[in-house]
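**Student:** A single structure is presented below for examination.
The values are calculated or read from the model by the stated rules, or taken from the named source; none is laboratory data. Since this is a predicted model, take the numbers as computed values, not measurements. Using ideal geometry, Cβ is built from the backbone for each residue, glycine included, and neighbour counts are taken over all protein chains shown.
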């Protein structure tokens, strides 16, 4: 009988891609995503480290190769393994996953700016007719210089239940399914007890009816930008009180000067005027 | 277009027309049904037996009896016919049948002092236990077949290296094995690669044999290699 | 309206308001009209200085400072003529200038380049 330990090793071994005919040498397994396993490998010809993803299906490689954007991980190379599986070599992203980065970023505007950077590559892909369909924090990396990369594109069918738009179950999806997932991610970014306008933005992104959501990631990002600038948010109808507060925070200096004037005036009237 | 057939095309190395033993075991044609049932039982005997021993804490003898009893009941009562591929993996279906059979056989109290009591193994659900034992038996059978294949093709050395590295509890380094076998470390790498490639093929063939369609096959293949 | 005139208008408007608040000081209530007129001019001139500065230098803190000082000096001048009420006139007066300075800095000049 095979022991548990040996069984685990055999499972990994049977899965290892045989890259002996290529210029890549597997170093270690770094993760599992979408429709395949990701390995850290050395490119012996160019002398650099790459990430190798092994797939059962060629779709994802072709999808990715057609997308060139700073937020989308570049595909260097692709091929077929002896056992028939396909692989592609892509830039090794050195950085941390989104959930880890968010834990280390307590300041809300910074978190929101990171979120806005996620919207850009997704919008770009939509403009090229590609929907991600599996957006979630574990598919988003933040590099050492603050660059945001979205991974695991084009995973067909299988999403992650927590982040899946309702219409994904029936298979008829367009870019707004990604908007839904972005809303779920935003929910995590803003945390509990978030400001009402932000909660409204989230809610609008996560409407069950796609027609009621933001049309795309850029519209969502624009509303976030509005909130950061103390401008009105399209998803939220503000009360008079909220509007005044917003005006105040947008014009802090003016408010301070007016208050100072008022205080001085009152002092002059009541104290010096006796 | 059905995504399955599209992806099946890219994976042309696995013949789509592979006869599923599950549909055979459920067929009305007796000539197909018997071999189908036998194949299923052969594939699942060990996992079922081990599952019973682990989860129900039975002795070797009791577990064997119950395993036999289960498969007998399966044939007599037509469990395999009741399986609906749309509702999930066959493996899960079988386990659920097994659980039901076992709890019923407990209730027929005459055997109470011999069969064990039901214990939840810490942290592992029945589903995981069964999956693990099934995985184990698939790999064991594949390794046996691998050994036979390699011997037949005169590649005994390759298998020996594989056995010493991948099948060992605490394997030695490549260099150590290389000097032990009197070959280069590069040869060690090559032998391992080819043995692993063959093992993967055999494992997937077995999974193919007991799944009832492309989607289930892909699910099970992913589960077994995770 | 460019930076200069905007600051002047703001200074004048604030000057009116500031002048009117002297109604709350009974002692000077009788001279309300004169105070309001004087305060308006004071604000306008402080605004003019701050507005002129805003056209030369683009800096909100400095603009506020210049307005503040201009307002202060003008108010001191007025207070000297009144022989009294220095604090009452200078303190709020300086802030009128400061706000006019801020307004001048924030106002966008529309430049027509050929």
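**Student:** Please count how many residues of the stretch B:180-204 are away from chain A (no Cβ under 12 Å) and under 21 Å from residue A:7 (Cα atoms).
**Tutor:** 1
**Student:** For the stretch A:231-253, state whether one or more residues are in contact with a helix residue (DSSP H, G or I) (Cβ under 7 Å, 6 or more places away or on another chain), over 30 Å from residue A:167 (Cα atoms) and facing another protein chain (nearest Cβ under 10 Å).
**Tutor:** Looking for residues that are in contact with a helix residue (DSSP H, G or I) (Cβ under 7 Å, 6 or more places away or on another chain), over 30 Å from residue A:167 (Cα atoms) and facing another protein chain (nearest Cβ under 10 Å), one finds at least one in the stretch A:231-253, hence yes.
**Student:** Please report, ordered by residue number, the helices (runs of 4 or more DSSP H) entirely within the stretch B:163-226 with at least 2 residues that are modelled with pLDDT of 90 or more and either in contact with a helix residue (DSSP H, G or I) (Cβ under 6 Å, 6 or more places away or on another chain) or surrounded by 20 or more Cβ atoms within 10 Å (Cβ to Cβ) (or both).
**Tutor:** B:174-181, B:185-209
**Student:** Can you say whether residue C:103 is modelled with pLDDT of 90 or more, surrounded by 15 or more Cβ atoms within 10 Å (Cβ to Cβ), facing chain A (nearest Cβ under 10 Å) and outside any loop (DSSP other than H, G, I, E, B), as far as the supplied structure shows? Break it down into steps so the answer makes sense when it comes.
**Tutor:** On the way: modelled with pLDDT of 90 or more: yes; surrounded by 15 or more Cβ atoms within 10 Å (Cβ to Cβ): yes; facing chain A (nearest Cβ under 10 Å): yes; outside any loop (DSSP other than H, G, I, E, B): yes.
Yes: the conditions hold for residue C:103.
**Student:** OK, next. Condition test on residue C:27, is it part of a helix (DSSP H, G or I), within 14 Å of chain A (Cβ to nearest Cβ) and either buried (at least 24 other Cβ atoms within 10 Å of the Cβ) or in contact with a helix residue (DSSP H, G or I) (Cβ under 6 Å, 6 or more places away or on another chain) (or both)?
**Tutor:** Taking the combined requirement at face value, the residue does not satisfy it.
**Student:** Hey, does the stretch B:148-162 have a residue that's within 14 Å of chain A (Cβ to nearest Cβ), part of a helix (DSSP H, G or I), more than 16 Å from residue A:13 (Cβ to Cβ) and free of Cβ contacts under 8 Å to residues at least 40 places away in the same chain?
**Tutor:** There is no residue in the stretch B:148-162 that is within 14 Å of chain A (Cβ to nearest Cβ), part of a helix (DSSP H, G or I), more than 16 Å from residue A:13 (Cβ to Cβ) and free of Cβ contacts under 8 Å to residues at least 40 places away in the same chain.
**Student:** Which of the residues spanning the stretch C:66-91 are facing chain A (nearest Cβ under 10 Å) and farther than 15 Å from residue C:12 by Cβ?
**Tutor:** Hits for the stretch C:66-91 are C:68, C:85, C:86, C:87, C:88, C:89, C:90, C:91.
**Student:** If you don't mind, there's one more thing I want to ask. Report whether or not residue A:88 is surrounded by 14 or more Cβ atoms within 10 Å (Cβ to Cβ) and in contact with a helix residue (DSSP H, G or I) (Cβ under 9 Å, 6 or more places away or on another chain).
**Tutor:** Yes, satisfied.
**Student:** In addition: Return only the number of the condition from (1) touching a strand residue (DSSP E or B) at 6+ places or on another chain (Cβ under 8 Å); (2) not assigned by TED's automatic domain parsing to the domain that holds residue A:131 that residue A:185 does not satisfy.
**Tutor:** (2)
**Student:** What residue, of A:102, A:149, A:135, is in a strand (DSSP E or B) and either buried (at least 16 other Cβ atoms within 10 Å of the Cβ) or free of Cβ contacts under 8 Å to residues at least 40 places away in the same chain (or both)?
**Tutor:** A:149
**Student:** Kindly indicate whether residue A:90 is out of contact with any strand residue (DSSP E or B) (no Cβ under 6 Å at 6 or more places or on another chain) and either outside any helix (DSSP H, G or I) or under 18 Å from residue B:223 (Cα atoms) (or both).
**Tutor:** No: the conditions fail for residue A:90.
**Student:** Somewhere in the stretch A:171-183, is a residue away from every other protein chain (no Cβ under 14 Å) and free of Cβ contacts under 8 Å to residues at least 12 places away in the same chain?
**Tutor:** no
**Student:** Restricting attention to the stretch B:1-36, report how many residues are part of a helix (DSSP H, G or I), over 15 Å from the mean Cα position of the chain (by Cα) and either within 23 Å of residue B:136 (Cα to Cα) or modelled with pLDDT of 55 or more (or both).
**Tutor:** Number of matching residues: 10.
**Student:** How about the stretch A:5-44: which of its residues are within 12 Å of another protein chain (Cβ to nearest Cβ) and assigned to a loop (DSSP other than H, G, I, E, B)?
**Tutor:** A:16, A:17, A:18, A:19, A:20, A:21, A:34, A:35
**Student:** Regarding residue A:252, is this residue modelled with pLDDT under 95 and surrounded by 15 or more Cβ atoms within 10 Å (Cβ to Cβ)?
**Tutor:** no
**Student:** Mind telling me which of the residues A:74, A:82, A:70 ends up being within 14 Å of another protein chain (Cβ to nearest Cβ) and either within 14 Å of the chain's Cα centre (by Cα) or loosely packed, with under 15 Cβ neighbours inside 10 Å (or both)?
**Tutor:** A:82
**Student:** If a residue has to be modelled with pLDDT under 90 and out of contact with any strand residue (DSSP E or B) (no Cβ under 7 Å at 6 or more places or on another chain) to count, how many in the stretch A:33-53 make the cut?
**Tutor:** 2
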